[in-house]
Amino acid sequence: MYNKKIAVEDSLSDIKQALQEQGYQVVSPQEGQDAVAVIVTGMDENTMGMMGITALAPVIEARGMTANQILEQVENKVKLH
C-alpha cells in the first residue's frame, strides 16, 4: 500500500474534508515531511514554512479549482509518486 499522507494548507477545510472522505491522512504543512503531495492556495509561496517540503512532494495549486478537481490531481500524483 502506498503512503496516503497529504499536507494541506489550514485554510482549505473543504479540500481537507474531501481528502479524508477518500481515505487520505490529512496533515498540516508542518507535519508533511513525508507527504506524497502538498496542497496550497498559492497566496504565499512559503506559507507556513512549506518551502522545504516542496522539493520532496508535488505541490498542487488549489486556487480556482474545485475539491473534486484537486482530488483528481492528488490521485494522479499519488500513483506516480
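Amide H to amide H under 5 Å from LYS5: which residues, 5+ apart in sequence or cross-chain, H placed 1.01 Å off N in plane?
The list, which skips near neighbours in sequence, is GLN25, VAL36.
Search the structure for amide H atoms under 5 Å from the amide H of ILE60, placed 1.01 Å from N in the peptide plane, and list their residues when 5 or more places away or on another chain.
Those lying under 5 Å, H to H, from ILE60 are VAL38, ILE39, VAL40.
Quick note: the coordinates plus some simple rules give every number you see, no bench work behind them. Predicted model only: the values in this text are computed from it and were never measured.
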